[in-house]
Each structure stands twice: as structure tokens, then as C-alpha cells.
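Taking it in order: structure first as C-alpha cells, then the write-up.
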């Protein structure tokens, strides 16, 4: 079935499906995509059952297998496919299963072993018993059959094992070892019978009751294929236990287990939620009564939490929070491990809108409180003011009492009104875009409205509709007007307001503030100098060419009288960085930790902005927990949680946790003395030498080394320090240690980061020479307006500077009152005239400050691009912006997508050249492909592709399982792809699917791929213009 339907005034659409005539029950999946007047589409699916008749049959044995000499009680149930009971006449037949070992198949015996007629009652249930004394044990097939009113034959079946107390040599398809239980759950203490089955009849099997410990063991000899064994189970072993069988033959060990569940008594609370009324208006105060009872119906004094959340959130992402009593009283895993001494070789290789009050408070969470207490009657009353959302609110209460009993409950209520105004809008605007807007009015009553007056405003200015017409609404009807807006320049946001009024002055008004992004992209050129030898710097803007124009806007200047001011500024940069892999997490919390420890009690702690200080203090424990959580099962760390382990990152994570423990946080020890093989290597670069030196000094003074080991460490340290001194170089900023080829764009980092590592290494070895002070001066002079080159480099330098200042015991309270009271006095922003541009900007400094005082400047501006239309772009040369690219060649291709289905209704996406389609209309889907090739093998790259306004991403990866990247993030305004390794000369491609939601003309700004730790390595694609038409125009 495929096609389109229009919903009626009640929002329903009726579909009729031919069920066909099949001799079996089956399930079919229905999927519906609903598009409203704002062009927002929501897709949902549901699976329904189609039966071979009017009911189905279910056979339920009292036990999973029976003793040949005991009771064999069986229940049979008949019910319609909607679960409603059905009374039916049935014939029961029990056939013996016979195993044919040559043909390797099971067949029924020619005649039934047992036959009986039964009738299910009005509850669809009937009970019967098989003969108490069976003459033969083995496998049986119990079949029930009946006919419905249409004479459809309906059957149900169940495989049963009948065993004798002495076991038996039954012909069957046995595995090496199986353990089946007659009961998988117990309500009280009692016996459980295990049926141990094996194709071997000459081995011993150890059976054990296990869970938190080994409770009981039995050893049996498998002299037959089937051997029954009985265990007595005590409910004290709740909530569950395991019965495990282990059999060893030669060098092989066969293990199997089954689980027995035992309910835990009196652990639940019965919680009821009663809203004062079922429907509220936006902004009203909701009053909720909460009542808690124990399982005997008595009031319970409990501690509860209550959340009121917009129910539509759960259409985007389901609530995966586990049920509270099941979480705290959950089943245990088996704590017992079975192994043996033979060696084993392991081979492994949209936005929602929708009181005449202007509605503008659209929070997803209306209320959250975790300290609600019920009184002696088990009751509590909670009140809160609702936001302006017109939606279904979902209340969730979870709680417990002092006896450890738990409970939770959910309830929904509606927030709505008679007239509803909504705006169809993009998630963001881009300057200069010409975008369509939709003003929508809904009549939520059962009577018509003769006329409705509407008005759309942008920042208080009225926008005229594309076509003016009178709106009259039938009962539960809706109407929409289309508007066109050219997004103005120089705004950070735009306030959209849409109002709908009826003749009786009733109606609705809604207001949304939409962010406005620049038509271009931010670009900056930075430089730094000092009061000694670099008193003049020149900033040269990037030259305009055929693809773009750079417009300088301001020069931001900072003066740094001390490394401490640089530390504070760089920490602020790290805390504002928008991405958060494990490296960035470590380089956020670890410098935070070091800075707080260094500045505590000094005059400089007053220079930390209050907001930053609060963020820093809260981020440290969060960062530690995130790092611990991200560790892989094999002990390694990858770039993201669950990512493949990375050697460098694993060492960095272990070092960060070690440092956190030194600073007083509870973290486990780690110890890996693997230096000796590397330390005496002749091929050793400064990065390796520095880190080995730090590692060596972490072992000193622990009293765990023998004399020859301590001597080896001392010799290695001397050799390493010699190599460090020999590899030092100098430039205009001072001493530095160079990065080896390829290090600057990989993990080790560039010259500044290597120098910071060397400084930390020298300090850890107790070096008291002038080299450390020279390194500090050099690092300070390489500071670039708020940070060093990257998150990793900034974090490394901050730690090295903190180590230096701590080791020197510098008195940081000697600081001028001006800096203490007004740290902003060290910063200046010079605004530039956009109409008067220069080819270069020269900054010269003078004064009587210390020669070590440094300053930095950054020329900030916007790259405005010269895009071509999509059709002309598709026909033109597919290339990137060469003037901005360095080391990476990138291009972007856009195709129209056709959705086609084969004869089996399997859907495929077929790309088509856009010019072949003629024009793109609202609802069309486009395939966006970004391809790039690198001149060298780079590590750790990030691709940002900026989305056009008026579009929604419908598929993050068009190629399903094929993903050349390690992580993808979908933001409101861009797609971001992260790569942990790029091979030289190899072409990489990412692809995703977007859908046009609104008509208009939208710029799609260039995609940019850059090396995360070396900003000069980057590639840019060309921009383009996407013209989208409404279906009517």
C-alpha cells in the first residue's frame, strides 16, 4: 500500500488494506508521514497482526517439561488478535516426535499418542491434564486445532519433553550440553528439576547453583542422553540465581546455564497522580496531587521527584530511563566465572510552535523538583506555572521510602486553547537570504469562525502576505498565509510575531526569536610581540579574489604582564570551545584544575571572572567522570566514547587521572614502567625525550626500585636531558624545541606544544638552569589573542606554566590594583571602518613595562563569498577555494534525490542531476556530498559543512553503514564530521540528505575541513545558492 490521504477535521485518515488469504498469522508494518501547513513532517510507524482466522490459540504448560509418572497440567487460551477472549471448541492431539538420524529430521508418529476435546469458556480459557502415567518418555508435539465462524482452520502447538526419573536414551538431536529447567521462576521456596541433555553418554557434568557465590554443586555421570537432577531453592537467594552445567572432554570445556527468577517481596510503592483538571491553558498554574501507597494500600511517607516535560520530546527520543524498582532491585549477573587449566588461543581481528497574550515561553521542561515529600496520608500537592507551549505534558514521578520501597508513575494532561497561531520558520536565518514564512491559524472549536484577522511582524515591522485573502475557518479547520522576508544585515537575531484575532477579540499571538548568522564566515589573522625585541607586528588581511571578499571589522589587542593573565584567558577559551572529544575534555578540566590550585589564595584569583570560576569548579568532577566512563573494556581510550583505542590518547587520559589524584580527587592508581626499551634509543625526538623524562621522574622516591634499576633511571635521565639541550633552537620569540616532520598536525603538536612538554620535563627533573625561564618567556611570546594554537596546545602550555610558577614559589599577590579590580583594562577592541580598508595593519608598542611583557593582536573580519546559483554551479568546474586552502583540496556536490521502490517495496535513493529536474520545490530532498583529498597524511581533522536555512537534515549518513569518519554531529546550522586519520592522496567522501522545508533563496556557505591541531592546514569548498519554489509557484 502506498499513496496519499488527507486527514479529516478530527485529524484522522482512514486506510483500507486487503488482508489476503494466507494459512499463517503474520505481522505487517504501516508507516505514515504527516506534513502540516508549516511543511514540518513527522513520520511514525506501527506493526499490526493479521491472523489466519478470527482468533489464535496459545498453549501454556504448567511446567516446561513433565515427569512421566506425575501430573501434567496444561492451560489453553483462545483470543482475538486484539487480545479480547474468544470461546472456541478445540481438538487436542499429542504426537510423539521421532528423530530420523540419517535424514536428520523430526517426524510425527503416524497416530496421535493422546486425543481430547476441550472448549474454552467466555474468558477464552480451558484446563486439562495429560495422562498421569506415560509409557514412554521423549519429545512430543502438542497440537490444538479449531475452526472459526468462517470455517478457517486455526492451529497452535507446543513442544513438550516427558522424562523418566531414571533418565533415558532418547533419540533426538542433542547438542554437546544443554540444561533445561521445569520452572524458570519461583514464588516461594521449593524444588527445581533440571533436565541435563547431551549427545555424549560417557562424561561427567558438574551442576552448580550460582549467583553472588557458589551455593551448591552436584556431579553427575551422563550414562544416558537425558538425566534429571533436582535442586532445592530458597527464596533468600532472590532476586535470581543461575544453574550452570560444565562438562570437560579432552581439551574442550562445554558450559551452559539457565536462570531462575525469585521475586523480591515488598519493594514497590503504588504512586498515583491526579491533575486538578485534564486541560489547561498556556501560562496557567497546574496543580497536581500526588499520593503514595504501599502494596497493602496503606499510605506511605515517601521522597519523590516530579517532572513535567513536553510529550513531543519523546517522539524525537524515547525515554530509556529504567523502571526505578527494577533498577535498584534488578537481577544480578552471575558473579561466578567457570574456567579450566588448558590454554585457549583467541583469534580476533523540527521545531514545534504552536494565549491575546503573546506566547513566547516555549520550554520543553515545565517543572522539575526532586525533593517532594508525602505526608502521613501519603499525599503531596505540587503547583507550577505552565509555559506557553500548546502541547501534551507528561508528568513523571519517581520515589522511595525509608524502607527502600520504590515506585514510579506517569500521567499526561493537555495545554491548549480555542484559537492557535503558529509560524512556519527556519531554525536560523542568514543575512541576505530571501526566505518564505508561513502564518498558520487553527480553529480548535466545534463551531465555525466567520473571519480571522492576521498580522505578521519581523522586529516590530509588519510584513505583507504574498497574497491577501479573507480567512474563514470551519469547525476544527485551519488556514495559512505565506510571507516573504529578506533577512536584514547587522542583526544577531530577528523577532517574528504572528497574531490571529476573531471579531470577538479572541485569538492568539506567538513570538519566536530566530538567530541571524552572517552571510559569510568568521576569519581571523593573529600576531604577537613583546616589549623586548618584537615591539612591532604587521597583520595582513587575506586578499580578495574571484571567490570571496574579506571585510576587516576589528582588531582585538591584549597585553599580558604575566603568564598568569595568559593562563586565565586560555582557560576561558578552553571552556567555551564548542566540541568535546576526550582530548578536549582532558584539556578543559586539567588546566582548570592546575589554574585553581596555582591561584588559590593569591591576588590573581580575583582576576578570574566569577562566571568562569563557577564553570571551572563545576567542570572538574564532570570531566573526571566523563574520562572514566569513556574508557574501553580493554583499558584504552579512543577519541570518543566507544571509539577504537588510541595509544597517545590512552597515555594522556591516564596522565590526566594521575594528575587529578595528585590534586586530591579519588582516582585509581596506574603504573607502566616501560621506558627502558625506548629511553636508550638513538632515534629520539624532543617530544619523546620530554615525555620519557616526565615518566622517569614519576618513579623516583617511591622506594620500589632495586639499586641497578635506580642507576638505569639516573643514566637514562642524564642522556635524555642531554638530547633535550642539544635539540633546542631559537627564533625571534626565543628558545624553542622543534617538532619533527608531520608532528605539528598530529598528536605531538607543533613547536610551541613541544616546547611546553620540554619545560614540564625539565621542571620534573629538578632543572634549575636559566633554560626553564627562557622557555616560559618564549611560550608567553607565542600567545595569540586569548589562547595558543589549539585546545591541546593551550592545555599543554597552561600545565607547563603552572608547573613553572609553582616550582619557583613566585609570590603572586604582588599585582597592581588596576589589574586586580579591572582585568578588562588589559584588553582593547579597535573597530575598523568597513568602507576604508587597508592592505596591512601595523601595531607598534612602547612603554616602561618589563621586557617579558607580551602583547597579541587579532584582526577579525568576515569572508563574504560570491556564490553562483545551483544550476550554474552544477555545470561549472567542481572545485574548492584555492586561495584559502592549504594541504587539502575539497569540493562539494549537490544532487536531487528520487525515492524509488522495487517490486518488493524496498526503497532506494537515486541521485539525479539538479538541472535535469528543472527546479527544486518544497519537500524535495537533496544529496549533499563533500569530497576531499589531503597532500599529506594528517591526523585528527574536522569537517564543518554549513547548512542552508530553510532545510532540515533527514539523514546524517546517506551511505548507511559506510562511515569514513569516527563521529558525526548534527547542529542547528551545520553538520560536523570528525576524522582520526587521513591518508595522503586518498579521496574521502561524506554524504547526507537534506529536505527543503520553505520556499526562498538560500546561501549554502562553504564547507571547511581543517586540521584540529594545526589551523594552517585546511580546505574550503565553493558556496552556492539554492532557489526553492513552493508547489503552487
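The values are calculated or read from the model by the stated rules, or taken from the named source; none is laboratory data. Predicted model only: the values in this text are computed from it and were never measured. Cβ sites come from the backbone with ideal geometry, for glycine too, and all protein chains shown count toward neighbours.
Computed quantities for the displayed model
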{"item": "Lone unmet requirement of (1) surrounded by 12 or more Cβ atoms within 10 Å (Cβ to Cβ); (2) not in a strand (DSSP E or B) for residue 140", "result": "(2)"}
{"item": "Residue count, the range 911-932 (criterion: assigned to a strand (DSSP E or B) and under 29 Å from the mean Cα position of the chain (by Cα))", "result": "8"}
{"item": "Of all residues making up the range 457-469, the number that are outside any loop (DSSP other than H, G, I, E, B) and surrounded by 12 or more Cβ atoms within 10 Å (Cβ to Cβ)", "result": "4"}
{"item": "Failed item, numbered, when residue 789 is tested on (1) part of a helix (DSSP H, G or I); (2) in contact with a strand residue (DSSP E or B) (Cβ under 9 Å, 6 or more places away or on another chain); (3) crowded, with 21+ Cβ neighbours inside 10 Å", "result": "(1)"}
{"item": "Pair list, Cβ < 6 Å and 6+ apart or interchain, from the range 7-33 residues that are under 30 Å from residue 474 (Cα atoms) to residues that are loosely packed, with under 10 Cβ neighbours inside 10 Å", "result": "31/45"}
{"item": "Residue within the range 267-281 that is touching a strand residue (DSSP E or B) at 6+ places or on another chain (Cβ under 6 Å), closer than 30 Å to residue 511 by Cα and part of a loop (DSSP other than H, G, I, E, B) present", "result": "yes"}
{"item": "Selection status of residue 776, modelled with pLDDT of 80 or more and closer than 21 Å to residue 526 by Cα", "result": "yes"}
{"item": "Residues located in the range 5-38, provided they are in contact with a strand residue (DSSP E or B) (Cβ under 6 Å, 6 or more places away or on another chain), in a loop (DSSP other than H, G, I, E, B) and within 26 Å of residue 437 (Cβ to Cβ)", "result": "37, 38"}
{"item": "Flag for residue 271 being more than 30 Å from residue 373 (Cβ to Cβ) and surrounded by 19 or more Cβ atoms within 10 Å (Cβ to Cβ)", "result": "no"}
{"item": "Residue among 527, 490 that alone is within 30 Å of residue 1015 (Cα to Cα), modelled with pLDDT under 90 and not in a loop (DSSP other than H, G, I, E, B)", "result": "527"}
{"item": "Test: residue in the range 283-293 that is crowded, with 18+ Cβ neighbours inside 10 Å and in a loop (DSSP other than H, G, I, E, B)", "result": "no"}
{"item": "So residue 741, is it within 26 Å of residue 981 (Cβ to Cβ) and outside the structural domain of residue 1016 (by TED's automatic domain parsing)", "result": "yes"}
{"item": "Test result for residue 510, within 30 Å of residue 421 (Cα to Cα), surrounded by 22 or more Cβ atoms within 10 Å (Cβ to Cβ) and within 38 Å of the chain's Cα centre (by Cα)", "result": "yes"}
{"item": "Qualifying residue in the range 150-161 (condition: part of a loop (DSSP other than H, G, I, E, B), surrounded by fewer than 18 Cβ atoms within 10 Å (Cβ to Cβ) and touching a strand residue (DSSP E or B) at 6+ places or on another chain (Cβ under 9 Å))", "result": "no"}
{"item": "Count of the range 979-1032 residues which are in a strand (DSSP E or B), surrounded by fewer than 23 Cβ atoms within 10 Å (Cβ to Cβ) and more than 31 Å from the chain's Cα centre (by Cα)", "result": "4"}
{"item": "Residue 912 vs. criteria surrounded by fewer than 15 Cβ atoms within 10 Å (Cβ to Cβ) and closer than 23 Å to residue 879 by Cα", "result": "yes"}
{"item": "All positions within the range 470-479 that are part of a strand (DSSP E or B) and surrounded by fewer than 19 Cβ atoms within 10 Å (Cβ to Cβ)", "result": "472, 478"}
{"item": "Condition check for residue 407: modelled with pLDDT of 90 or more, crowded, with 20+ Cβ neighbours inside 10 Å, closer than 30 Å to residue 299 by Cα and in contact with a strand residue (DSSP E or B) (Cβ under 9 Å, 6 or more places away or on another chain)", "result": "yes"}
{"item": "Residues being within 24 Å of residue 170 (Cα to Cα) and either surrounded by 15 or more Cβ atoms within 10 Å (Cβ to Cβ) or within 39 Å of the chain's Cα centre (by Cα) (or both) - total across the range 221-252", "result": "14"}
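Table: residues versus (1) surrounded by 10 or more Cβ atoms within 10 Å (Cβ to Cβ); (2) on the phi < 0 side of the Ramachandran plot; (3) modelled with pLDDT under 50; (4) outside the structural domain of residue 534 (by TED's automatic domain parsing).
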| residue | (1), (2), (3), (4) |
| --- | --- |
| 804 | yes, yes, no, yes |
| 826 | yes, yes, no, no |
| 831 | no, yes, no, no |
| 834 | yes, yes, no, no |
| 838 | yes, yes, no, no |
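Listed here are the residues, each with its yes/no results for (1) assigned to a helix (DSSP H, G or I); (2) crowded, with 21+ Cβ neighbours inside 10 Å; (3) at pLDDT below 85.
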site	(1), (2), (3)
553	no, no, no
583	yes, yes, yes
597	yes, no, yes
612	yes, no, yes
616	yes, yes, yes
619	yes, no, yes
633	no, no, yes
642	no, no, yes
645	no, no, yes
